Amino acid sequence: MNPATEQVSPPVDFAVYGLDRTFQGPRWLDFFESPPGEPAWALWLGHRLRDTEHGVRVGTFPRKRYEQAMCPNGGDPLAKVAFSGAFGLVNLTLPDSSVPRPDGLILALVEHAENQASRHAEWRPKMWEADGEPVPAKVLYFAGAWAGFTDALDEVYVVAIGIGIPPEGLRLTRVTDGTPYGADLTAPLSLAELGRKKSLRPEAWLPPPRRDAFHPDQLALAPTEA
């Protein structure tokens, strides 16, 4: 990668959430989202249950910055938060790339995520914990997995996407030390360095619920020929 075009963001300057210490297994810095050279408006942490293919991806969005980025002209920020979860859900549940994609299915999945996000008020209510306190959440199920979000925290929105782990009672905690995630959150964020670190840890990803075939939920959205 050309150093001049490498995407680097300043150190994280907002509260970041992950799963609490009762979750046992590999953790990693999964992804961050920001304009080049500017502070991140989303940070994702990965969690995989030890010796399984189950886990949870947790995203934290600083409210003001996220709303400025996603709703510069107003609108419903929760629809954008919900779309981030729904889009991540349809993406993470895709089978391996060797499985042929039916024509039009990927576009249909994105449209499904958009439609579900616009109806986030209808997602199923659940209770999570954040720093030991109960917080309400909304959850969407799809293709053997789920995505959910909470807007109950003052400064950030939190999104979670789970595979093989139920969403009920999800226990979130503020991450003050990135060491368990193999990351220094006080240092600049680099996509190149993030990719390098993940390449050295084959466990640092979440396998889909079905790797060799599409789930009926997905196939139900495939366009049919006229």
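The values are calculated or read from the model by the stated rules, or taken from the named source; none is laboratory data. Keep in mind the model is a prediction, meaning the values are calculated, not measured. Glycine gets a Cβ as well: all are built from the backbone with ideal geometry, and neighbour counts include every protein chain shown. To get the accessible areas, we keep the full protein, side chains included, count just its heavy atoms, and leave off ligands, DNA and RNA. Shrake-Rupley method; radii C 1.70, N 1.55, O 1.52, S 1.80 Å.
Summary value for the chain: 30 percent relative contact order, contacts being C-alpha pairs under 8 angstrom separated by 6+ residues.
Rounded to a whole number, what % of the accessible area of the stretch 116-192 do carbon and sulfur atoms account for, probe 1.4 Å?
Answer for the stretch 116-192: carbon and sulfur cover 51 percent of the accessible area.
For the chain, the extents of the C-alpha atoms along the principal axes are 54, 40, 38 Å, listed from largest to smallest. Couplings 3J(HN,Hα) for the stretch 140-156, derived from phi with the Karplus relation 6.51 cos²θ - 1.76 cosθ + 1.60 (θ = phi - 60°), are 10, 9, 6, 6, x, 9, 8, 9, x, 8, 10, 10, 7, 8, 5, 10, 9 Hz, where x marks Gly and Pro. Quote the FRET efficiency, to the nearest 0.05, computed for R171 versus E53 with a Förster distance R0 of 35 Å and r equal to the Cβ-Cβ distance. Computed FRET efficiency for R171 and E53: 0.95. Over the C-alpha trace of the stretch 118-226, radius of gyration and Dmax come out as 17.4, 55 angstrom. Overall shape of the stretch 1-62 was characterised from the C-alpha gyration tensor. The equivalent ellipsoid obtained from it has semi-axes of 26, 14, 8 Å, in decreasing order. Per residue, the average separation of C-alpha pairs within less than 8 Å and at least 6 apart gives the stretch 109-178 a relative contact order of 29 percent. Can you give me the relative contact order of the stretch 1-122 as a percent, contacts being Cα pairs under 8 Å and 6 or more apart? That works out to 19 percent. The simple spin-label model puts a point 7 Å past each Cα toward its Cβ; for D217 and C71 those points are separated by 2.6 nm. Over all alpha-carbon pairs of the stretch 82-171, lay out the pair-distance distribution in 5 Å bins, whole %, shortest bin first. Histogram of Cα-Cα distances, whole percents per bin: 3, 14, 24, 23, 17, 10, 6, 3, 1, 0. Amide H to amide H, with H built 1.01 Å from N, G25 comes under 5 Å of R50, counting only residues 5 or more places away or on other chains. Distance between the 7 Å Cα→Cβ label points at T186 and M127: 3.8 nm. Taking a 30 Å limit on the Cα-Cα distance, which of the listed pairs K126/K197; K138/K197; K80/K126 fall beyond it? Correct reply: K126/K197; K138/K197.
Under a 5 Å amide H cut-off, with hydrogens placed 1.01 Å from N, R171 pairs with D20, E129 among residues at least 5 apart or on other chains.
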